[in-house]
Each structure stands twice: as C-alpha cells, then as structure tokens.
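The values are calculated or read from the model by the stated rules, or taken from the named source; none is laboratory data. Everything numeric here is computed off the predicted structure, so don't read it as measured data. Because the Cβ atoms are built from the backbone with ideal geometry, glycine has one as well, and the counts that use them run over all protein chains shown.
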Amino acid sequence: MIDEYQRQIDYLRISVTDRCNLRCQYCMPEEGVPLVNHDEILRYQEILRLVQVFAGLGIQKIKLTGGEPLVRRQLPDLAGEIRKIPGIHQVTLTTNGVLLKEQMRDLAKAGIDGINLSLDTLDGEEYQRITRRAELSRVWEGFLEALKYPQVTLKINCVPMSQSRESLLQVARLSKDYPVHVRFIEMMPIGLGADWEGYRESKIYRILREAFGEGEPVKETLGNGPAHYVQFDGFQGKIGFISAVSHKFCDQCNRVRLTAQGYLKTCLQYDRGVDLRELLRRGATDRELAEQIAQALLEKPEGHAFYEKKEKGEDTEKKMMSQIGG
Ligand code: SAM
Ligand code: SF4
C-alpha cells in the first residue's frame, strides 16, 4: 500500500492485550489502566482474518505487542498461524521478557523471526524502581533462553529516563558480550511518557563514545524501523538509536497499528483511523474491510507534531502506550 505521501506501508503492529505484568513508570500507572472486557478484545480468529486482509493490501511484516503480549494465552499459536498466512514474510514480538523463558521454545517452533526485549537496566533496584516489580531475574533468564535460538534475531530496547550513566553503559555492553543489538529509544511524550524528559540521543551517544571510542556509523538499514546504528570496536552487535524526538522520521514511516480492541491507528500520535472490530462484528466482507483500511490509510497523517500539539490538545492520542503497543 502506498499512502498519500508516497510512503510504502508494509508493516503492522498488533496489540494483542492491554494487560501487563509490569508497571513501567513512563507507560502504566501503578493501579494499571481500566481494563476492557475480554469480549471487547479481538479474538485470535478475528486477528487472523484481519491479517489476511492486510496481507492482500501489501502488509508483509507483523509485530505482536501489547500491553505484554506473553500474558495472553497461547500467543505462540497465534504467531504460528500468522506466520503461515500467504504474503506475511516476518512475524516479530516485543516483550518485557518476564514470561519469555517459559514460552521461548514454542515461539521459536512457531517460526517467530525476531524478539525485541525491553530492558531499561540490569540493576535490580533500579529495575524495580522503573517497572515497580522485582522481575529482573526472570527477564534475565528469558534473555539467556532466547540466545539459545540463534535463528531468532534478538534486540534489546532501552528507554533512557533516569538511569545512571554506568547503568546505561551496562545495557550497552550487552551488545559487546552477546550477539544482540541494543537500541536506545527516546522517550516520546505519549501517555505517561509526557511526564518525563528522558535523555536525548546526543547525550547517550556522548556517554557511549566516552566509554567505547568513536564508533562507526552503520550505512546499511537494519530491520524495519527507523533505528540508525553505530558499530563500536570489539562489539558483536550494534548500538541503535530510535529518536522520534531529536530526528523526526515520519517521512519514512512504513507502519500502522491495530489496538487490542481492533481500532486501526494510522499514526502513533493521533486517534485517527477506523474501528475494524465494529466492521468485523457486523458482518463486513473482506472487500469492505479492505476498502475501509485503504481509506483510513489515505488519511494517514503526514507526521507527528509532538511538541506543537501538546499545547493545543486537538485530536491527539489520549491513550497510554500500553494500550497502543509502542
Ligand atoms: N510490554 C511490551 C514491552 O515492554 O516490550 C510491549 C509493549 S511496550 C508499550 C513497547 C515498547 O514501548 C517498550 O519497549 C517500551 O519501553 C516502549 N515505550 C513505552 N512508553 C514509551 C514512551 N513514552 N516513549 C518511548 N517508548 C515507550
Ligand atoms: Fe508493560 Fe511494556 Fe508498558 Fe512496561 S512498557 S508497562 S512492560 S506494556
């Protein structure tokens, strides 16, 4: 699908649940978010039907996200079924890793292509402060388990917010000691993220250069997303930056998002899109679904205006990141 601004849209992020077993300070309040009823969440059969329609429109890559996707029962089965849909060439998962150890084998068997593991610190106390849960050791076990499946690309995502310099360097060193890429994601002013300043790319890059030397910018594109990478001497993996605030990358945006309740969001920042659950449940044909999706895409905004819109309010997204899926 090519949108109005000549961007090729081939990537769909699907949030499979709004529930989560962590409470990251920048993403979910301690008391959680008001949970929606199970029957308001798309059933796996509904997700599969929509993916078939999306595949017909040129979507080739799927990311399963949440909330925490691994808290939804039989998630590996869903991943496996999606992987079999003609036209879908890649299925990946974003997880906090708490339940990864138990599910890694089934995920690999289902043919998952990649896992993004969110890990903001390796320091137990700091981890508990950020996520409000003492789960670091389980996440670490999940990380080690995932390394046993080299066919599954493993990337670490870290959102720098208040971590110490040493703690950020420890996370970065994972890509020295293990064959993984580590990406630093700038805090976006969405949901609770708006309450945090976070650290900009320039600050993280300076900390890394002071510790590891200059580093070589990587010219080729890795993965589906907007990350750009640096190779440091002696590192097995690369260090990436996803800097939606410092470097707006909307002109290359290749993605749309499906919320757990079946709403197709065409831009992370806005609530513009179409309610696909409503269409599905009132008996829309595949053709009608495809037409509605294509129409929504035509209206995909040109780009975010994080700080401009923050003042105006307008039709900007009011949901938490856990409800959108990142
Ligand atoms: N629970 C899973 C996880 O943590 O990976 C999947 C959902 S989570 C919303 C997806 C990603 O969004 C995580 O890497 C998280 O750190 C990131 N995230 C959440 N809020 C954010 C914000 N305001 N700015 C940037 N990234 C954010
Ligand atoms: Fe849960 Fe992921 Fe949000 Fe943390 S970032 S609260 S793990 S959904």
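Odds and ends about this structure:
- Selected residue (only one of 107, 78, 100 is within 13 Å of ligand 1 (Cβ to nearest atom) and either under 15 Å from the mean Cα position of the chain (by Cα) or crowded, with 20+ Cβ neighbours inside 10 Å (or both)): 100
- Candidate set: the range 1-53, residues that are touching an Asp or Glu at 6+ places or on another chain (Cβ under 6 Å) and at pLDDT 95 or above; chosen: the one nearest to residue 158 (Cα to Cα): 23
- When the range 81-97 is filtered for residues that are within 16 Å of the chain's Cα centre (by Cα) and part of a loop (DSSP other than H, G, I, E, B), the ones remaining, listed by number, are 96, 97.
- Condition met for residue 244 (in contact with a Ser or Thr (Cβ under 6 Å, 6 or more places away or on another chain) and among the aliphatic types (A, V, I, L, M)): no
- Within the range 123-145, being surrounded by fewer than 18 Cβ atoms within 10 Å (Cβ to Cβ) and aliphatic (A, V, I, L, M) holds for 134, 144.
- Residue selected from the range 29-75 under the condition free of Cβ contacts under 8 Å to residues at least 24 places away in the same chain and among the polar types (S, T, N, Q), by the criterion surrounded by the fewest Cβ atoms within 10 Å (Cβ to Cβ): 37
- Residues in the range 5-22 that are under 18 Å from residue 326 (Cβ atoms) and either surrounded by 18 or more Cβ atoms within 10 Å (Cβ to Cβ) or free of Cβ contacts under 8 Å to residues at least 12 places away in the same chain (or both): 9, 11, 12, 13, 14, 15, 16, 17, 18, 19, 20, 22.
- Residue 69 meets the stated requirement of being within 14 Å of ligand 1 (Cβ to nearest atom) and modelled with pLDDT of 95 or more.
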